[in-house]
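The values are calculated or read from the model by the stated rules, or taken from the named source; none is laboratory data. As the structure is a prediction and not an experimental result, all values here were calculated from the model. All Cβ positions, glycine included, derive from the backbone under ideal geometry; neighbour counts span all protein chains shown. Accessible surface areas use protein heavy atoms only, side chains included; no ligands, DNA or RNA. Shrake-Rupley method; radii C 1.70, N 1.55, O 1.52, S 1.80 Å.
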Amino acid sequence: YFAYGMNTNLREMSSRCPKSTLIGKAAIADQKLVFRSVADYEYSYGDTLYGALWVITDKCEESLDKLEGYPNLYDKEFKICALIQSFNKNFKPGIFKTMLYKMNSNNIAYPSDYYLDCLVLGYKANKLPKQQLVNAIRDTL
């Protein structure tokens with residue numbers, strides 16, 4: 001599972017998916033972070049979407065489905081990502097096929113301060129570039 005929004009936050013993810021395992025920092029080419037009140041992504045040639053790569057159980061996926069409002073608010077997509085920094089000795093950097101949630105709306109909207117604070121903590125913990133958040137906020141304004 002590739003998390004690029006609230007589920008980059010270790011505390012949030014551990015409360016939703018206690019059996020999940022963080023693998024590390026990953027990237028998906030030709031995508032960028034956008035805000036539709038919450039995190040989403042869209043195609044953007046030459047950009048890179050950074051996120052946290054997780055191993056999740058079926059129960060974790062059920063929990064995430066409820067959180068993400070699947071299939072009404074978000075749908076699931078599968079993409080190729082590059083694990084660029086492993087935090088887990090059982091995984092080496094490489095290419096993985098991953099599941100991620102894609103919002104079913106195209107309405108751009110600014111996120112709440114609480115939500116942004118949650119993302120900042122997650123990005124810091126996973127060594128994700130803060131510039132990704134800055135760019136998405138700028139594009140929202």
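Mind checking whether some residue in segment 93-114 is assigned to a helix (DSSP H, G or I) and not charged (D, E, K, R)?
Yes.
How about segment 35-64: which of its residues are of a type outside the set (S, T, N, Q) and open to solvent by less than 30 Å² (accessible area, probe 1.4 Å)?
F35, R36, A39, D40, Y41, L49, G51, A52, L53, W54, C60, L64
Out of all the residues in segment 117-141, which are at negative phi, open to solvent by 100 Å² or more (accessible area, probe 1.4 Å), modelled with pLDDT of 95 or more and touching a Phe, Trp or Tyr at 6+ places or on another chain (Cβ under 9 Å)?
Matches in segment 117-141: K130 only.
Residues in segment 125-141 that are in a loop (DSSP other than H, G, I, E, B) and under 13 Å from Y4 (Cβ atoms): how many?
Pass one, segment 125-141, residues in a loop (DSSP other than H, G, I, E, B): 126-129, 141.
Filter again for under 13 Å from Y4 (Cβ atoms), leaving 126, 128-129.
Number of matching residues: 3.
Applying the selection to segment 1-32, what residues are closer than 15 Å to Y74 by Cβ and either surrounded by fewer than 22 Cβ atoms within 10 Å (Cβ to Cβ) or of a type in the set (A, V, I, L, M) (or both)?
Y1, A3, M6, R16 - these are the residues of segment 1-32 that are closer than 15 Å to Y74 by Cβ and either surrounded by fewer than 22 Cβ atoms within 10 Å (Cβ to Cβ) or of a type in the set (A, V, I, L, M) (or both).
Looking only at segment 72-111, which residues are open to solvent by 80 Å² or more (accessible area, probe 1.4 Å), over 19 Å from A26 (Cβ atoms) and among the aliphatic types (A, V, I, L, M)?
L73, I108
Rundown of residues vs (1) in contact (Cβ under 8 Å) with a residue 40 or more places away in the chain; (2) over 21 Å from E68 (Cα atoms), yes/no style:
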{"site": "F91", "(1), (2)": "yes, yes"}
{"site": "Y101", "(1), (2)": "no, no"}
{"site": "N104", "(1), (2)": "no, no"}
{"site": "L116", "(1), (2)": "no, no"}
{"site": "A125", "(1), (2)": "yes, yes"}
{"site": "L133", "(1), (2)": "yes, no"}
{"site": "R138", "(1), (2)": "no, yes"}
